[in-house]
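The values are calculated or read from the model by the stated rules, or taken from the named source; none is laboratory data. This structure is a prediction, so every number in the text was calculated from the model and none was measured. Methodologically, a virtual Cβ is constructed for each residue, glycine included, from the backbone with ideal geometry; neighbour enumeration extends over all protein chains shown.
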Amino acid sequence: MAHLLIIEDDELLRDGLSAQLSQVGHSVVVCASGEDAQSRLQNERFDGVVLDLGLPRISGMELLHWLRQRLAALPVLILTARDSMEDRVQGLNAGADDYLTKPFDMSELQARLGALLRRSRLPAFGGSLALPSQAGRQLRVDAELPQAWLGDEPLELTQREWALLSLLVTNAGRVVSREDVLETWQPEPGEGGGPGTGLTSNALEVYIHRLRRKLADTGLNIRNIRGLGYMLESTTP
Amino acid sequence: MRQAGHGLSLRRQLLLWLLLPQLVLFLVGGALAYRIALNYAEKAIDQSLTQTVRALARQVKPVGSGLLIDFPRAAQDIIEQDPKDRVSYMVSAPPGRFLLGNVQLPQPAANQPQPTSEVRLYNAQVQGKPMRLALLELDYGEPQSPQRMRVQVAQSRVVQERLTAELIADVLVPLLLLMALLSLLVYAGIARGLRPLQRLQAQLGTRRDATLSALAPIELTQAPQEVHALANAVNQLLAAVQRSLGQEKRFLNDAAHQLRTPLAGLISQTELALTESDAQALRERLTKVLAGAQRSAHLVHQLLALARNETEVKLEPLDLAALAREVARDWTPRAIQSGVDLGYDGVDHANVLGQATLLREALNNLIDNALSYAGSGCEVTLRVQASDGGVTLEVADTGPGLSVQDLPHAFERFWRASDQPGGCGLGLAIVAEVAHRHRASAQVLPNAPHGLRVLMRWSAAD
């Protein structure tokens with residue numbers, strides 16, 4: 001699925017990360033030190049990086065600075081044993097896209113990494129993204145065109161439906177709040193005002209309902225989360 | 001009380017501030033006494049010279065256009081009695097032409113007219129010696145040919161200096177003695193006054209080990225009020241530190257014991273797994289190992305959360321409702337997995353003073369608890385309500401809840417309501433700590449018809 005670089009000095013954790021991420025289909029390169037990582041990053045193209053902050057000699061934070069000067073768009077998820085607020089803020093300010101505090105569940109790491117990879121592919125590179133779904137009816141979206149397909153059939157979508165769908169797809173498995181949706185919406189032809197003008201929760205419900213109908217029989221469902229928003233989920237086990 | 005590198009010692013400061021002004025005052029007083037003595041000596045001499053010059057003038061009587069000088073030997077003897085302190089005199093008429101006297105006295109320097117019958121006093125050098133002179137001029141003779149005579153007497157200024165010296169000796173010597181005595185008293189007083197501080201230092205200075213006995217209260221007897229106040233303040237601090245150290249030790253002790261259990265389970269399960277040959281049985285063992293490791297990880301996380309709570313926090317305005325929804329969204333995938341309907345129901349925005357990391361920790365614990373103990377098919381609802389009375393955050397579940405006897409124990413550390421695996425009995429304790437840090441109250445209530453409600457309440461004053 002993706003070409004990943006793991007930089008972690010603890011052998012037990014490095015081995016575990018590498019094995020688990022390989023199991024779900026990623027191709028994984030591991031480094032035990034910042035120096036190793038620098039030479040690998042100069043010679044290879046990666047889709048994402050998992051970086052431990054507590055490295056010997058070149059610290060994770062230094063490596064992050066070094067990396068950001070060269071590869072601004074590369075998704076980086078940092079791992080840290082310290083979870084004080086300063087450390088998190090420092091890491092995110094230095095250019096990390098997400099962080100996880102040790103110890104963590106492997107499923108959590110995979111979910112965060114998956115979201116990072118999806119987000120980096122869709123808007124930044126204008127690439128296309130496919131969600132795993134029932135055979136033959138896979139949902140595929142392309143931000144550049146913009147166009148969505150179900151299997152080989154193009155999906156007819158209004159501007160707002162497209163904005164809603166692409167937001168749900170990039171955040172698949174996570175809850176998207178109503179505010180998030182309204183921020184991305186432009187006024188439809190014939191409507192005045194700026195983004196989200198005059199939209200009631202009923203109006204949003206109408207669009208959700210329409211999208212649900214269009215996604216019927218795809219194994220994908222837009223779940224209504226009480227008081228919190230919507231989540232695109234796979235109904236196939 | 002030596003304080004190397006921290007400015008002058010208290011003793012030196014006191015000495016400086018007490019003795020230096022005293023010295024200055026004495027010097028000024030001495031100088032003043034000298035001036036006054038000099039002045040009085042001069043006045044005394046001037047008075048005697050004035051009397052002498054008038055007396056001498058009376059002995060010179062004008063007769064027609066001439067002068068009759070009646071200067072008996074006795075009078076001469078009185079004037080010239082002291083050979084060291086001889087009064088010189090001179091009568092001249094017209095002024096400047098020597099008529100009578102024992103020495104040629106100089107004329108006054110200035111040429112201003114000398115009013116008749118008025119004594120003029122001035123200083124001049126006579127035969128190389130400084131002298132004080134008195135001068136008196138008198139008119140005599142016929143009105144058509146007026147004549148003027150001048151009478152001068154002089155006395156050496158050595159007399160004045162001697163007189164001054166005597167006066168000074170009488171005033172300055174007692175003054176100097178007084179100053180020495182005062183300085184001694186001040187020095188002794190400071191040493192005595194600082195003794196309670198030295199005793200305090202001696203009491204505290206020997207406490208070098210970090211045991212609880214080093215935190216015993218200071219005992220001072222016969223110390224002045226200020227030192228007692230200082231000792232009391234230190235004692236209060238010591239007591240607070242002792243209390244908190246005791247709590248920490250108890251907590252650390254509890255924590256270490258709590259960690260032993262999952263670690264013991266881990267070791268035994270791993271040992272068993274290593275001897276297992278059947279793949280299915282090995283898998284079961286490893287599943288238990290994973291659960292044990294996760295339990296340990298959870299406990300460590302909770303302990304760190306409590307430890308973080310112990311430090312000072314900075315409260316900032318934040319939107320509690322938005323934060324609650326954000327945390328709830330993070331938990332949604334797990335809620336769906338556990339078959340729990342997790343939702344939010346409350347105001348859109350509610351501002352409180354808070355610290356986001358700590359509140360997130362409290363929310364995580366509340367939701368985690370609710371999801372774990374409510375079980376599949378239940379509802380967990382977050383509510384943030386704002387009213388005149390303040391802001392309330394609530395996490396309510398429709399699970400089995402707690403019995404009435406158990407409710408009061410809910411916030412105790414390491415207290416657990418069920419033997420459900422994974423819990424460590426710190427979740428609600430963390431919530432209570434976070435509430436305490438925010439000057440908010442924490443409360444557990446039964447939910448109707450069943451379940452549990454945990455509330456954090458910010459009063460309107462905050």
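Consider B:R283 carefully, then state whether it is more than 46 Å from the chain's Cα centre (by Cα), in the same structural domain as B:G390 (by TED's automatic domain parsing) and without any contact (Cβ under 8 Å) to a residue 60 or more places away in the chain. Spelling it out, it is not the case that B:R283 is more than 46 Å from the chain's Cα centre (by Cα), in the same structural domain as B:G390 (by TED's automatic domain parsing) and without any contact (Cβ under 8 Å) to a residue 60 or more places away in the chain.
Of all residues in segment B:336-348, exactly one satisfies the criterion of being within 12 Å of A:R226 (Cβ to Cβ) and either more than 9 Å from chain A (Cβ to nearest Cβ) or under 51 Å from the mean Cα position of the chain (by Cα) (or both), namely B:V340.
The set of residues in segment B:324-334 being facing another protein chain (nearest Cβ under 8 Å) and touching a residue at least 24 places away in the same chain (Cβ under 8 Å) consists of B:R325, B:A328.
What pairs come up if the first residue lies in segment B:335-347 and is assigned by TED's automatic domain parsing to the domain that holds B:D319, the second is of a type in the set (D, E, K, R), and their beta carbons are under 6 Å apart, counting only those six or more places apart or on different chains? So the pair list comes out as B:D341/B:E379; B:G343/A:R226; B:Y344/B:R325; B:D345/B:R383; B:G346/B:R383.
Scan segment B:409-462 for residues that are of a type in the set (F, W, Y), modelled with pLDDT of 90 or more and over 46 Å from the mean Cα position of the chain (by Cα) and the total you get is 0.
When B:V395 is tested against (1) in a loop (DSSP other than H, G, I, E, B); (2) in contact with a Leu (Cβ under 7 Å, 6 or more places away or on another chain), just one condition goes unmet, and that condition is (1).
Among residues that are in contact with a strand residue (DSSP E or B) (Cβ under 9 Å, 6 or more places away or on another chain), within 11 Å of chain A (Cβ to nearest Cβ) and modelled with pLDDT of 90 or more, B:L363 is not included. Only one entry in B:Q107, B:Q81 is in a loop (DSSP other than H, G, I, E, B) and modelled with pLDDT under 75, namely B:Q81. Any chance segment B:366-380 includes a residue that's within 14 Å of another protein chain (Cβ to nearest Cβ), surrounded by fewer than 19 Cβ atoms within 10 Å (Cβ to Cβ), modelled with pLDDT of 90 or more and closer than 18 Å to B:H301 by Cα? The answer is yes, given that some residue of segment B:366-380 is within 14 Å of another protein chain (Cβ to nearest Cβ), surrounded by fewer than 19 Cβ atoms within 10 Å (Cβ to Cβ), modelled with pLDDT of 90 or more and closer than 18 Å to B:H301 by Cα. Looking at segment B:327-388, the strands (runs of 3 or more DSSP E) lying wholly inside it that each contain 3 or more residues that are at negative phi and polar (S, T, N, Q) sit at B:379-387.
Residue-by-condition table, conditions (1) in a loop (DSSP other than H, G, I, E, B); (2) in contact with a helix residue (DSSP H, G or I) (Cβ under 7 Å, 6 or more places away or on another chain); (3) away from every other protein chain (no Cβ under 14 Å):
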| residue | (1), (2), (3) |
| --- | --- |
| B:S244 | no, no, yes |
| B:R250 | no, no, yes |
| B:R285 | no, yes, yes |
| B:K314 | yes, no, no |
| B:A322 | no, no, no |
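Of the candidates B:L175, B:L121, the single residue that is more than 27 Å from B:L105 (Cα to Cα) and touching a residue at least 40 places away in the same chain (Cβ under 8 Å) is B:L175.
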